[in-house]
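Participant: Input: one structure, supplied below.
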Amino acid sequence: ATPLAIAAGVQAAAERGVVVATETIFEDAPDVDVVVLDKTGTLTTGTMTVERVHTADAIAPDDLLRRAGTLEALSEHPIATAVADAAPGSATDDDAAGDAVAAFERADRGVTGRVDGEHITVGHPDFLRERGLDIPDALESCVADVREAGHVPVAVGWDGRVRGVIAVGDSPRAELDDALEAVAAGREVVVLTGDEGPAAEGLRELDGVDEVFAGVPPEAKAETVDRLRGRGTVAMVGDGSNDAPALAAADVGIAMGGGTKLATDAADAVIVDDDLEAVAETFTVATRTHRRIR
Ligand code: ADP
Ligand code: MG
């Protein structure tokens, strides 16, 4: 009866838009104590837009955007897609592709590579700082203003200096409130985000959210999941390449189907149409299926 019960569980999950990749999910998902949710692309739609472009050194905003967009076209991050889409006629440089992709794979907080013979870096302001680029005071205060407005500041720099800050906006998924309520029933809900500032802090106010870890660099996401396993069985829900190690580290990894291949490959289940409410459905189906297996 066991293989039949599992087949029925896989089928029931599929009817709710959840593709089961690992059958052990029927054992682990009923016992989930802590649900960790990634912010960008999971709680938010993942369709981001460029809201404003600030530049220093009398650089034309379109020029800055074009350079940034050329590199971001190589990244799958929702921020990257927004910047690439907003960029006027991206430049092409054969060297850029190789350099940028290699660098991106090492550090998930931005991209770096050559555009028009210039070495460009785009990403989290700290990512540029760590790479030795100085941020002029005027742009430093832009970063604060952008965060204050609830947007994500994306720094762009070359030749030792940050030259501009692109404000990228995001919107919460329509079903967020209902989905959080369902997920929070009897479980602790933790939000994990690389962002910081008011947009990240505001997540604490959401009903159902117990804790927010803001300013968590991608490489620390898996470590955070590991630490949370001290509190019980942990499910991680994410969408991005940089969520893949955390999805693998969790007892139950759930990926948004609209996310990157790295994320969906690392997950135990994939939510096909990105409906966040299907996360709670996954737990419900697994609980029912597990009873039948026993
Ligand atoms: P979240 O945890 O909210 O889903 P991520 O972990 O995906 O966010 O990314 C963390 C931060 O890294 C982003 O807020 C952004 O500042 C930066 N970042 C990552 N990839 C890129 C990129 N390709 N271009 C610009 N910024 C990036
Ligand atoms: Mg994400």
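The values are calculated or read from the model by the stated rules, or taken from the named source; none is laboratory data. Just so we're clear, the structure is a prediction, and the values are computed from it rather than from any experiment. Please note: Cβ atoms are built from the backbone with ideal geometry, for glycine as well, and neighbour counts cover all protein chains shown.
Participant: Which pairs have Cβ atoms under 7 Å, sit 6 or more apart or on different chains, and link a residue in segment 222-241 that is closer than 15 Å to Ala184 by Cα to one that is among the polar types (S, T, N, Q) and within 16 Å of ligand 1 (Cβ to nearest atom)?
Facilitator: Val237/Thr42
Participant: Within segment 37-50, does at least one residue satisfy the condition of being surrounded by fewer than 17 Cβ atoms within 10 Å (Cβ to Cβ), touching a residue at least 24 places away in the same chain (Cβ under 8 Å) and more than 15 Å from ligand 2 (Cβ to nearest atom)?
Facilitator: For segment 37-50, residues surrounded by fewer than 17 Cβ atoms within 10 Å (Cβ to Cβ), touching a residue at least 24 places away in the same chain (Cβ under 8 Å) and more than 15 Å from ligand 2 (Cβ to nearest atom): present.
Participant: Here's a follow-up. Of the residues Ala249, Ala263, which single one is surrounded by fewer than 23 Cβ atoms within 10 Å (Cβ to Cβ), of a type in the set (Gly, Ala, Ser) and within 16 Å of ligand 1 (Cβ to nearest atom)?
Facilitator: Ala249
Participant: What about Thr22, is it of a type in the set (S, T, N, Q), under 30 Å from Ala144 (Cβ atoms) and either away from ligand 1 (no atom under 16 Å from the Cβ) or assigned by TED's automatic domain parsing to the domain that holds Leu180 (or both)?
Facilitator: For Thr22, the condition - of a type in the set (S, T, N, Q), under 30 Å from Ala144 (Cβ atoms) and either away from ligand 1 (no atom under 16 Å from the Cβ) or assigned by TED's automatic domain parsing to the domain that holds Leu180 (or both) - is not met.
Participant: Considering only residues of segment 168-218 that are in a strand (DSSP E or B) and within 21 Å of Arg231 (Cα to Cα), which is nearest to ligand 1 (Cβ to nearest atom)?
Facilitator: Result: Leu192.
Participant: If you don't mind, there's one more thing I want to ask. How many residues are part of a loop (DSSP other than H, G, I, E, B), without any contact (Cβ under 8 Å) to a residue 60 or more places away in the chain and of a type in the set (Val, Ile, Thr) if we restrict to segment 54-73?
Facilitator: So the answer is 0.
Participant: Only one residue in Gly232, Gly238 is touching a strand residue (DSSP E or B) at 6+ places or on another chain (Cβ under 9 Å) and away from ligand 1 (no atom under 12 Å from the Cβ), so which one is that?
Facilitator: Going through Gly232, Gly238 in turn, the sole match is Gly232.
Participant: Taking the criterion of being within 17 Å of Ile25 (Cα to Cα) and outside any helix (DSSP H, G or I), would at least one residue in segment 271-280 satisfy it?
Facilitator: Among the residues of segment 271-280, at least one is within 17 Å of Ile25 (Cα to Cα) and outside any helix (DSSP H, G or I), which makes the answer yes.
Participant: Being under 19 Å from Asp63 (Cα atoms), of a type outside the set (Ser, Thr, Tyr) and in a strand (DSSP E or B) is the filter here, so list the residues in segment 111-144 that pass it.
Facilitator: Selection gives Val111, Gly113, Arg114, Val115, Glu118, His119, Ile120, Val122, Gly123.
Participant: Can you tell me which residues in segment 171-220 are over 19 Å from Pro125 (Cα atoms), crowded, with 17+ Cβ neighbours inside 10 Å and within 14 Å of the chain's Cα centre (by Cα)?
Facilitator: Within segment 171-220, Arg173, Val191 qualify.
Participant: Among the residues in segment 33-53, are any part of a helix (DSSP H, G or I) and more than 16 Å from ligand 1 (Cβ to nearest atom)?
Facilitator: No, segment 33-53 contains no residue that is part of a helix (DSSP H, G or I) and more than 16 Å from ligand 1 (Cβ to nearest atom).
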